Amino acid sequence: MLVGAGFVEAARLRWPLDTETASYLVSPVAFYQVPGPAIPLPYDLDRAGVAYLQQLSAMLAHDGGPFILVVNMRHFFHERSVPFREWFEHALPPGFASRSIGRFGTMSVVLFERVGRDPPRRM
């Protein structure tokens, strides 16, 4: 699960991720039981944020998904959202698709998964 909570402290994210730093940056979803780790997203798509996302998307593409994107549709000080969904749709290799699960208050939940996988071969 990728979490874009909009905390300004996320402007200094580095990969590999420090789990102590990650714990408070994903606090908006800490109450909910989620399968797998919750990974914070950067505050913005500046040079450092894009570099972090490039490493993260390479790992996600290698793992093959699925994964959930949870983002706040509004930042605290400037009423705009960071286009994480669009960024991942462009950055992931062909074969990944996204679909909206829903909006919950200001939070948007999107599922990314591989589509068109070939069934496993029988031997």
Of 34, 60, 93, farthest towards positive along the dipole that unit charges on Lys, Arg, Asp, Glu beta carbons give the range 1-117
93
Nearest-ten-degree value, helix 47-63 long axis tilted from longest Cα axis of the chain:
30 degrees
Volume of the Cα convex hull of the chain, divided per residue and given in Å³
126 Å³
Using a basic spin-label model with each label point 7 Å from the Cα along Cα→Cβ, how many nm lie between residue 46 and residue 14?
1.6 nm
Roll a 1.4 angstrom probe over the protein heavy atoms and tell me the percent of accessible area of the range 20-105 that is carbon or sulfur.
57 percent
For the range 1-42, compute Rg over Rh where Rg is the Cα radius of gyration and Rh is the Kirkwood radius from the inverse mean 1/r over Cα pairs.
0.92
For residue 34 paired with residue 73, estimate the spin-label separation in nm (one decimal), with each label point 7 Å from Cα along the Cα-to-Cβ line.
1.8 nm
Neighbourhood charge, 14 Å Cβ-Cβ cut-off, centred on residue 37 and excluding it, Lys, Arg +1 and Asp, Glu -1:
-3
Kindly work out what percent of the DSSP beta bridges joining two residues of the chain are antiparallel, to the nearest 5.
75 percent
Local net charge near residue 14, Cβ-Cβ under 14 Å (Lys/Arg +1, Asp/Glu -1):
-2
Could you provide, to the nearest whole Å², the per residue accessible area of the range 2-42 with probe 1.4 Å?
62 Å²
How much mean residue ellipticity at 222 nm does the chain get from its helices, if each DSSP H run of length 4 or more adds -39500 (n - 2.57) and you divide by all residues, to the nearest 500 deg cm²/dmol?
-8000 deg cm²/dmol
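The values are calculated or read from the model by the stated rules, or taken from the named source; none is laboratory data. Not measured: the values here are computed from a predicted model. Every residue, glycine among them, receives a Cβ derived from its backbone with ideal geometry; neighbour counts consider all protein chains shown. These accessible areas exclude ligands, DNA and RNA; they are computed on the full protein's heavy atoms, side chains included. Shrake-Rupley method; radii C 1.70, N 1.55, O 1.52, S 1.80 Å.
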